[in-house]
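Here is the structure we will look at.
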Amino acid sequence: MKTTFKTEKINGVEIFYREAGDRNRPTLVLLHGYPTSSHMYRNLIKDLSHKYHLIAPDYPGYGRSEQPPISEFAYTFDNFSKIIGALLDKLDIQKYSLYLMDYGAPVGFRIASANPEKIDSLIVQNGCAYEEGLEAFWDPIKAYWKNINDKEAENTLRGFHDANGLKWQYTHNVPDPSVVSPDNWEIDLRHLERPENGAIQLALFYDYRTNVPLYPSWQQYFRDYQPEMLIVYGKDDYIFPGSGAEAFKKDVKNLEFHLFETGHFALESHGEEISAIIEDFLDRKVK
């Protein structure tokens, strides 16, 4: 099933998305992380589109979606969730599974907890809903939350998405970095080098503080609705470590749990294994 590349104007912003598979089959919505785009799902889309309908959007300011000026658009996780929800409504996708990775987790958990009747299942890959998952990597970000004028913290955060920081995110704690295509960070860097994009990334680092107070409500959603959930985590990720994955066990009964000996972008090193697990999971859980 060929992947198509489309845009829709959502709340005044051109949103780019990848789509593949038969729309009459169950839908899996793929929500990307920082600092990448729907490009991170290119292989997974090919692997699953023979059985499932897949949608992978780019958030505003990421990938090939429009980047409105920061003075005219709120770069917040709350706004991103509204954009993605409105996109799904416009495409008339009323029932779906969510794949949540990194920034995709706070976007997707907002959507899922507000619309539990629409959720078939949740697939979580290195995305957080528990404070246990915010370890040492988050120290400079927490310092930035306390003082947005902290220049030392700001310089550290800027380094996460420069050329070296991008490569580090893709290769750190990957047993064999040679399996990770350099195209990943080169493509990300092209989008991140757009004028004003650095300020957008800092705005989202700062806004991430709004996610943490929502963790208890997301955990209550897990307890109340017990969504079918699949964990496919790179356990050696320095950004969202395996401890954050373990925390889901406290509240989710319908949990299938897989850790891989790799880092942040687990699909790059273990894509074939993860896609096979996802296919099996969806075959059993989604009608």
Worksheet item: How big is the Cα convex hull of region 126-235 in projection, averaged over all directions, in nm²?
Response: 8.6
Worksheet entry | Structure-derived volume of the Cα convex hull per residue in Å³ - corresponding label in (1) 153; (2) 116; (3) 143 | (2)
Worksheet item: Taking the Cα centre of the chain as origin and charging only Cβ (+1 Lys, Arg; -1 Asp, Glu), how large is the dipole, in debye to the nearest 20?
Response: 780
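Work through the residues other than H161 whose Cβ is under 15 Å from its Cβ and net out their charges, Lys, Arg +1 and Asp, Glu -1.
Net local charge, H161 excluded: -3.
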Fill in: Computed helical MRE - 222 nm, the chain, DSSP H runs ≥ 4 contributing -39500 (n - 2.57), nearest 500
-12000 deg cm²/dmol
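Given Cα pairs under 8 Å that are at least 6 residues apart, what percent is the relative contact order of region 108-264?
On the way: 209 pairs, mean separation 60.1, N = 157.
RCO, region 108-264: 38 percent.
For region 1-157, with every protein chain kept in place, what is the accessible area per residue (1.4 Å probe, Å²)? Don't skip to the end; give the middle numbers.
On the way: 5850 Å² over 157 residues.
Dividing the accessible area of region 1-157 by its residue count gives 37 Å².
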Fill in: Protection proxy ranking, peptides 13-19, 214-220, average beta carbon neighbours within 10 Å, highest first
13-19, 214-220
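How much of the accessible area of the chain, probe 1.4 Å, is carbon plus sulfur, in whole percent?
Values: 5560 of 11690 Å².
Roughly 48 percent, rounded to a whole number.
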Practice prompt. List, in the order given, every pair from K9/K253; K6/K249; K2/K118; K118/K249; K151/K253 whose Cα-Cα distance in the structure shown is over 32 Å.
Written response: K9/K253; K6/K249; K151/K253
Worksheet entry | Under-5 Å amide H pairs with I10, H placed in peptide plane, nonlocal only | I15
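The values are calculated or read from the model by the stated rules, or taken from the named source; none is laboratory data. Only a predicted model underlies this, so the values are computations on that prediction, with no experimental measurement involved. Note that each Cβ is placed from the backbone with ideal geometry, even for glycine, and that neighbours are counted across all protein chains shown. Heads up: the accessible areas ignore ligands, DNA and RNA and are worked out on the full protein's heavy atoms, side chains in. Shrake-Rupley method; radii C 1.70, N 1.55, O 1.52, S 1.80 Å.
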